[in-house]
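Structure record follows, encoded as structure tokens.
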Amino acid sequence: DTLLLDVRKQEELDKDKLTEVLTNRVHIPLQLLAERIDELDKDKHYYTLCGSGVRATIAASILEGAGIESSVILGGMMAINKSGKFE
């Protein structure tokens, strides 16, 4: 019952070839999250993801304010890309 909440901008997704291998992903850019919060299932746990972890942390705060559980993926896509696990 967990989902990945990707808060990157569409332009970032288009440039990142790893985006397509991420499963159970919901994409809502951070700047739209507050107005689209009702699209998220409050019974799910979300892992928030962005490029570096900064926006993911902000997103987690927004989710907490809406009563939605979440965890931040520290380091974001930069850390995932550096890990080499998806290459």
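Summary of values
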{"item": "Residues that are closer than 15 Å to residue 72 by Cβ and assigned to a strand (DSSP E or B), drawn from the stretch 1-25", "result": "2, 3, 4, 5, 6"}
{"item": "Selected residue (only one of 73, 58, 28 is touching a helix residue (DSSP H, G or I) at 6+ places or on another chain (Cβ under 8 Å) and open to solvent by 70 Å² or more (accessible area, probe 1.4 Å))", "result": "58"}
{"item": "Residue in the stretch 33-42 that is open to solvent by less than 50 Å² (accessible area, probe 1.4 Å) and of a type in the set (Gly, Ala, Ser) present", "result": "no"}
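The values are calculated or read from the model by the stated rules, or taken from the named source; none is laboratory data. Note that this is a predicted model, so its numbers are computed, not measured. Backbone-built Cβ (ideal geometry, glycine too); neighbour counts: all protein chains shown. Remember, those area values only see protein heavy atoms, side chains included, never the ligands or the DNA or RNA. Shrake-Rupley method; radii C 1.70, N 1.55, O 1.52, S 1.80 Å.
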